[in-house]
Amino acid sequence: MNLNKIFSFFVPKDKVFFNLFDRASSNLVDTATTLKNMLNEPNKEIRSTYIKKISDLEHIGDELTHELFTELSSNFITPFDREDIHYLATSLDDINDYIFASAKRVDLYNIDKVSAPMIRLSELIEESVILIHKSIILLKNLDNYTLLRENLVKINSLENHADDIFNLAIADLFNYEKDAINLIKHQEILQHLETATDKCEDVANVIETIMIKNS
């Protein structure tokens, strides 16, 4: 057994898992902020540099998810239920995936002008993941139940707001967009952005489940 394995054996498992979740949610904030900056960038060449950064951050997120699964499979003692750890890790990774998918489609579909609803949805994604990151930090100590609960309510509210923006944007596309191909491109990007907010709500739900089980 090498020294790293010996050392990791004595590290409290709650610190191992919380450290990984902290890093994963922090990486998610960086990804969401980069997406927002990308969609606000009118220059397509500069926009491509943001897409590259999002791709790199998405790979980091995948690696952290893999580390979480490795810890989960190798440790009998966990800070909360194993299925909740798995679901939380998967849900965080899903947000990253949909952010990357949204950014990639803006590039692949050669979108000249990013619409206002796309930008607004990216802002809501960023707001949501910032709240997720704060909530995961608060999970280390459930004494601050009220603040944690407030964060989760805000995430749910942001998801509802995203639904409204998405529905109105889709209605406007069908009412005013005459180019069918352009309509399909914009609809798909909007759908991925809105789904990212759905995944944020999934994270909020699993955090709430953890709170209930451990309160």
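Assorted remarks:
- Residue count for the range 63-76 under the criterion of being among the acidic types (Asp, Glu) and open to solvent by less than 60 Å² (accessible area, probe 1.4 Å): the result is 1.
- Output for the range 145-167, where each listed residue is among the acidic types (Asp, Glu) and touching a helix residue (DSSP H, G or I) at 6+ places or on another chain (Cβ under 6 Å): GLU159
- Counting only residues that are under 18 Å from ILE125 (Cβ atoms) and free of Cβ contacts under 8 Å to residues at least 12 places away in the same chain, the range 32-55 holds 1 of them.
Okay, residues lined up against (1) touching a residue at least 60 places away in the same chain (Cβ under 8 Å); (2) open to solvent by less than 20 Å² (accessible area, probe 1.4 Å); (3) not in a helix (DSSP H, G or I):
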position	(1), (2), (3)
LEU147	no, no, no
GLU159	no, yes, no
PHE166	no, no, no
ALA196	yes, yes, no
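- Looking only at the range 136-180, and only at residues there that are of a type in the set (Val, Ile, Thr) and more than 17 Å from the chain's Cα centre (by Cα), the one that is farthest from ILE125 (Cα to Cα): THR146
- When VAL16, VAL29 are checked against the criterion of being open to solvent by 10 Å² or more (accessible area, probe 1.4 Å), modelled with pLDDT under 95 and either aliphatic (A, V, I, L, M) or assigned to a loop (DSSP other than H, G, I, E, B) (or both), a single residue qualifies: VAL16.
- Some residue of the range 87-110 being under 30 Å from ALA169 (Cβ atoms) and not in a helix (DSSP H, G or I): yes
- Filter result (β-branched (Val, Ile, Thr) and exposed (fewer than 14 other Cβ atoms within 10 Å of the Cβ)) within the range 168-186: ILE181, ILE184
- Where a residue in the range 171-184 is closer than 16 Å to MET118 by Cα and its partner, wherever it lies, is acidic (Asp, Glu) and surrounded by 10 or more Cβ atoms within 10 Å (Cβ to Cβ), with Cβ under 9 Å and at least six apart: LEU183/GLU177
Yes or no, residue by residue, for (1) closer than 18 Å to THR33 by Cα; (2) over 13 Å from the mean Cα position of the chain (by Cα); (3) acidic (Asp, Glu):
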site	(1), (2), (3)
TYR98	yes, no, no
TYR109	no, yes, no
ALA116	yes, yes, no
ILE125	yes, no, no
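- Qualifying residue in the range 102-113 (condition: over 24 Å from GLU63 (Cβ atoms), surrounded by 18 or more Cβ atoms within 10 Å (Cβ to Cβ) and of a type outside the set (Phe, Trp, Tyr)): yes
- Remark: pairs (first residue in the range 71-88, under 23 Å from ASN205 (Cα atoms) and touching a residue at least 12 places away in the same chain (Cβ under 8 Å); second residue surrounded by fewer than 11 Cβ atoms within 10 Å (Cβ to Cβ) and charged (D, E, K, R); Cβ separation under 9 Å; 6+ apart in sequence or on different chains) = PHE80/LYS213; ASP81/LYS213; ASP84/LYS213.
- Some residue of the range 39-54 being under 18 Å from GLU194 (Cα atoms) and open to solvent by less than 20 Å² (accessible area, probe 1.4 Å): yes
- Qualifying positions in the range 129-145 - open to solvent by 10 Å² or more (accessible area, probe 1.4 Å) and β-branched (Val, Ile, Thr): ILE130, ILE137
The values are calculated or read from the model by the stated rules, or taken from the named source; none is laboratory data. The shown structure was predicted, so the numbers you read here are calculated from the model rather than taken from an experiment. For neighbour counting, all protein chains shown are included, and Cβ atoms are generated from backbone atoms with ideal geometry for every residue, glycine included. These accessible areas exclude ligands, DNA and RNA; they are computed on the full protein's heavy atoms, side chains included. Shrake-Rupley method; radii C 1.70, N 1.55, O 1.52, S 1.80 Å.
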